[in-house]
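Below is one structure, written out as structure tokens; the observations come after it.
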Amino acid sequence: MSGASDKVAAQIRAHVNRARLRPGDRLGREEDLARQFGVSRPTLREALRLLASSHLIRASKGRGGGIFVAATPEEGIALNVSESVADMLSARVIDIDELLESRLLLEVPIAGLAALRADDDDLAELRALLDEAPENWAEVGDNDDRLHAVIARIAGNRLVAAFVQWVAEVLQPTIRELIEPVVVEDVARQQHEDIVRAIERGDPDAAERAMREHIVYVQDLVSMVRRIDG
Amino acid sequence: MDRVERLNALLTAVAQGNAFQRERLPATRLADLDGLAGLPLTHKDDLLADQAANPPFGTNLTYELERYTHLHQTSGTSGATLRVLDTPDDWEWWTEGLARVLRAAGVGPGDRVVLAYSFGPYIPFWATYAGVRAVGAMVIPLGGMDSVQRLHTMRDYAATALACTPSYALHLAQVAHRNGLTDAVGSVERVVCTGEPGASLPAVRDRIESEWGARCFDHAGLTEVGPFAYPCDAAGGLHLAEDEFICELLDPHEGKPVAPGSAGELVVTALGRVGFPVIRYATGDVVDHRTDPCPAGHVGRWLPRGILGRTDDMVVIRGMNVFPSAIEQILRESQGVGEFRITFYTDPRAMDEIKIEVELAQPLEARTIQARMRQRLGLRVRLVPVRPGILPEQLGKARRVEDLRPRAAAQER
């Protein structure tokens, strides 16, 4: 049965893409889908379970209920990765240092690509985010996450953008709390400014350098906090 | 008696009674000071090894033990503790050396000098105590008190001069500001520093002077050597007390004299200390070799930059000689710089690097600091700005440097 349900899950995914369905669009009721894809209800249910565990669909009961698209494939991947990273972190099979190092491996080249690929709208969006950045560290979280996410989107590689989303979802809330007592907000802000400026200039080397400096600063603060706390 | 005669008198006295020196020195008299270069260097390790083999005082004693009246020991910040004995004559010589330091700093009758050193067998406290008495000023010891008690005492007695390490002078001013004890700061006119290079670094000196509203003076010496440098009140920095010490500047690795314009290790022979003599003693202090006199024409070579650092502090990073004191100087040139911590490390590509954690009250100084480091050290540093008040405060002989390079352990003597 699992072979058949895998196949149906793939067909449903292909259908979503072909029909350009967006999150929130309705796929239909279970019985409609079973008929549409020519499989038994149990096989269909197993396929839907697979898709739901990948965050791609959700079921809703009652009037107007049925099966809905929950996320784009990239969003699905992103959610999966975030979930796995969170699990690994809480089970301590991976540590903060490795996650920070992963940020370097992902986000430094992302910044370089963004500098090569940003258009005027992208630049306006980045500039607006910088202008809106709150003064207070306790409130910067959302702005910080959005800035990094927009840069990842501008880099134009959806797979990589999906792979990096865990940073905002899993890592950053912990990190921000950890370094809150020591970080110099203006320095972090200046580093964001440097990254955006390099992207504005279309200078990938400078963008990579600035991103590296920014993440290394966070690494250094984390290791210092750890040392001071003993 | 000129210096050659004094040196020969010292060698003669030492040759008779001092077992440690007798083995090392020739029996002949020296015709001139150049002859000194033929004598072996003495390192602290030599004295330590002798004391380990002949506990507790070793054999560098010219007289029988009953003649000695003063015991001091080194603090052990850079290794094992060395014990040093003085006779009444030698202690008199020490006292006169400190008196000269204090006179050069303008301390005299009518002054009230507080000594912000801990009690204990460490020489800065006791030598300064003796020196203050010798110049006719009032001595007020502050051992065994915390910083606030010290400030209260200074306020109550309207202290006019403060003797301490440069780090402590900065710390005490901060404690005064935090606790509203600025009137304890107000009466002080002179801050006389030793124990660390800081007070000859213009940026550190300027900060001490502005925090205290006082003039800051530097002096230098070693427990096992004597007070070999006194402050230049005319143009800043230090003078080597070359009437009492024969001073050589040698390359620490090759042992040869360094050329004017470069820096070398100060090697001294103390002419006036007979009971526990040091002859061609490698101090570990690195100073500039300069030949120009100070504007006021004081006695002895002028060291406008003071002690640059310790030979054992000097690190070589990608071919550049780096002293932590030079890094401190650059940091202190910026406004709002607080505590800091320097780490030398080797990155995964086997490149030696410098990381500096520094408290910054004015965050945008970070750029300026980085640019200055690049310009003056010839190196890019990894600067980690942190919020003021985060790093543990370092007092006394401050330990703000950590060397994590795998090769560092092998380089130590």
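How many residues, within segment B:348-369, are more than 28 Å from the chain's Cα centre (by Cα) and within 16 Å of B:Met320 (Cβ to Cβ)?
Taking segment B:348-369 and keeping what is more than 28 Å from the chain's Cα centre (by Cα), we get B:348-351, B:361-368.
Subset that is within 16 Å of B:Met320 (Cβ to Cβ): B:351.
Final tally of qualifying residues: 1.
Of everything in segment B:346-374, what is within 12 Å of chain A (Cβ to nearest Cβ), more than 17 Å from A:Glu213 (Cβ to Cβ) and buried (at least 16 other Cβ atoms within 10 Å of the Cβ)? Give them in sequence order. If you could, list the steps in order and put the result at the bottom.
Pass one, segment B:346-374, residues within 12 Å of chain A (Cβ to nearest Cβ): B:347-348, B:353, B:355-367, B:369-370.
Imposing the further condition that a residue be more than 17 Å from A:Glu213 (Cβ to Cβ) reduces the set to B:348, B:359, B:361-362.
Result: B:Glu359, single match.
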For A:Gly230: the one exception among (1) farther than 26 Å from B:Ala366 by Cβ; (2) more than 13 Å from every other protein chain (Cβ to nearest Cβ): (2)
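Run down B:Val381, B:Val386 and say which single residue is modelled with pLDDT of 85 or more, under 22 Å from B:Gly319 (Cα atoms) and within 14 Å of another protein chain (Cβ to nearest Cβ). Don't jump to the end; show me each part of the working.
On the way: B:Val386 fails: under 22 Å from B:Gly319 (Cα atoms).
Selected residue: B:Val381, the only one of B:Val381, B:Val386 that is modelled with pLDDT of 85 or more, under 22 Å from B:Gly319 (Cα atoms) and within 14 Å of another protein chain (Cβ to nearest Cβ).
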Starting from segment A:27-48, keep only residues that are of a type in the set (A, V, I, L, M), then list their pairs with residues that are exposed (fewer than 13 other Cβ atoms within 10 Å of the Cβ) and in a helix (DSSP H, G or I) whose Cβ atoms are within a distance under 8 Å, requiring at least 6 positions of separation or different chains. A:Ala34/A:Arg41
For B:Gly378, all conditions in the list (1) on the phi < 0 side of the Ramachandran plot; (2) more than 25 Å from the chain's Cα centre (by Cα) hold save one; what is the number of the exception? (1)
Mind checking which residues of segment A:91-125 are among the acidic types (Asp, Glu) and either modelled with pLDDT of 95 or more or part of a helix (DSSP H, G or I) (or both)? A:Asp97, A:Glu98, A:Glu101, A:Glu107, A:Asp119, A:Asp120, A:Asp121, A:Asp122, A:Glu125
Just checking, how many residues over segment B:322-345 are within 23 Å of the chain's Cα centre (by Cα) and either within 11 Å of chain A (Cβ to nearest Cβ) or of a type in the set (S, T, N, Q) (or both)? 4
Where in segment B:134-216 are there strands (runs of 3 or more DSSP E), lying wholly inside it, with at least 1 residues that are touching a Cys at 6+ places or on another chain (Cβ under 9 Å) and without any contact (Cβ under 8 Å) to a residue 40 or more places away in the chain? B:190-193
Determine, yes or no, whether B:Thr62 is of a type outside the set (Phe, Trp, Tyr), part of a loop (DSSP other than H, G, I, E, B), touching a helix residue (DSSP H, G or I) at 6+ places or on another chain (Cβ under 8 Å) and within 30 Å of B:Tyr122 (Cβ to Cβ). yes
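Every residue in segment A:189-202 that is within 14 Å of chain B (Cβ to nearest Cβ) and touching a helix residue (DSSP H, G or I) at 6+ places or on another chain (Cβ under 7 Å), please. Before you say what the answer is, go through the steps one by one.
To start, the set of residues in segment A:189-202 that are within 14 Å of chain B (Cβ to nearest Cβ) comprises A:189-194, A:197.
Correct list: A:Gln191, A:His192, A:Glu193, A:Asp194.
One line per residue, one yes/no per condition, for (1) touching an Asp or Glu at 6+ places or on another chain (Cβ under 9 Å); (2) closer than 24 Å to B:Pro363 by Cβ:
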position: A:Ala124; (1), (2): no, no
position: A:Asn136; (1), (2): yes, yes
position: A:Gly156; (1), (2): no, no
position: A:Ala198; (1), (2): yes, yes
position: A:Arg201; (1), (2): no, yes
position: A:His214; (1), (2): yes, yes
Top-ranked residue in segment A:55-85 [being in contact with a helix residue (DSSP H, G or I) (Cβ under 9 Å, 6 or more places away or on another chain) and on the phi > 0 side of the Ramachandran plot; ranked as modelled with the highest pLDDT]: A:Gly66
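Yes or no: B:Ala282 outside any loop (DSSP other than H, G, I, E, B), in contact with a His (Cβ under 6 Å, 6 or more places away or on another chain) and away from chain A (no Cβ under 14 Å)? Spell out how you get there, then give the answer.
Working: outside any loop (DSSP other than H, G, I, E, B): yes; in contact with a His (Cβ under 6 Å, 6 or more places away or on another chain): yes; away from chain A (no Cβ under 14 Å): yes.
So B:Ala282 passes the test.
A quick yes/no check of all residues on (1) closer than 16 Å to B:Arg103 by Cα; (2) within 15 Å of the chain's Cα centre (by Cα); (3) surrounded by 20 or more Cβ atoms within 10 Å (Cβ to Cβ):
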{"residue": "B:Glu254", "(1), (2), (3)": "no, no, no"}
{"residue": "B:Val267", "(1), (2), (3)": "no, yes, yes"}
{"residue": "B:Leu271", "(1), (2), (3)": "no, no, yes"}
{"residue": "B:Val278", "(1), (2), (3)": "no, no, yes"}
{"residue": "B:Arg301", "(1), (2), (3)": "no, no, yes"}
{"residue": "B:Gly306", "(1), (2), (3)": "no, yes, yes"}
Out of segment B:20-54, which residues are in a loop (DSSP other than H, G, I, E, B), at pLDDT below 95 and over 27 Å from the mean Cα position of the chain (by Cα)? B:Glu23, B:Arg24, B:Leu25, B:Pro26, B:Ala27, B:Thr28, B:Arg29, B:Leu30, B:Ala31, B:Asp32
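If I filter segment B:230-238 for residues that are within 14 Å of the chain's Cα centre (by Cα), hydroxyl-bearing (Ser, Thr, Tyr) and at pLDDT 95 or above, do I get at least one hit?
Step one: of segment B:230-238, the residues within 14 Å of the chain's Cα centre (by Cα) are B:230-231, B:237-238.
Among the residues that remain, those that are also hydroxyl-bearing (Ser, Thr, Tyr) are: B:230.
Then keep just the ones that are at pLDDT 95 or above; that gives B:230.
Within segment B:230-238, one or more residues are within 14 Å of the chain's Cα centre (by Cα), hydroxyl-bearing (Ser, Thr, Tyr) and at pLDDT 95 or above.
Filter segment A:203-227 for residues that are more than 13 Å from chain B (Cβ to nearest Cβ) and crowded, with 21+ Cβ neighbours inside 10 Å and give the result.
Initial filter on segment A:203-227 (more than 13 Å from chain B (Cβ to nearest Cβ)): A:203-208, A:211.
Passing the criteria: A:Ala207, A:Glu208, A:Met211.
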Which of the helices (runs of 4 or more DSSP H) found entirely inside segment A:1-90 contain at least 2 residues meeting this: surrounded by 13 or more Cβ atoms within 10 Å (Cβ to Cβ) and within 23 Å of the chain's Cα centre (by Cα)? A:2-18, A:41-53, A:73-90
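Looking at segment B:103-119, which of its residues are in contact with a strand residue (DSSP E or B) (Cβ under 7 Å, 6 or more places away or on another chain) and not in a loop (DSSP other than H, G, I, E, B)?
Going residue by residue through segment B:103-119, those that are in contact with a strand residue (DSSP E or B) (Cβ under 7 Å, 6 or more places away or on another chain) are B:104-107, B:111-117.
Passing the criteria: B:Ala104, B:Arg112, B:Val113, B:Val114, B:Leu115.
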Find the residue count for segment B:79-117, including only residues that are farther than 20 Å from B:Gly272 by Cα, of a type in the set (Ser, Thr, Tyr) and in contact (Cβ under 8 Å) with a residue 40 or more places away in the chain. 1
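Could you identify the single residue in B:Leu170, B:Leu181, B:Leu162 that is over 12 Å from B:Arg150 (Cβ atoms) and crowded, with 17+ Cβ neighbours inside 10 Å? I'd like the intermediate steps shown before the answer.
On the way: B:Leu181 fails: over 12 Å from B:Arg150 (Cβ atoms); B:Leu162 fails: over 12 Å from B:Arg150 (Cβ atoms).
Among B:Leu170, B:Leu181, B:Leu162, only B:Leu170 is over 12 Å from B:Arg150 (Cβ atoms) and crowded, with 17+ Cβ neighbours inside 10 Å.
The values are calculated or read from the model by the stated rules, or taken from the named source; none is laboratory data. Please read all numbers here as calculations on a predicted model, not as lab measurements. Note that each Cβ is placed from the backbone with ideal geometry, even for glycine, and that neighbours are counted across all protein chains shown.
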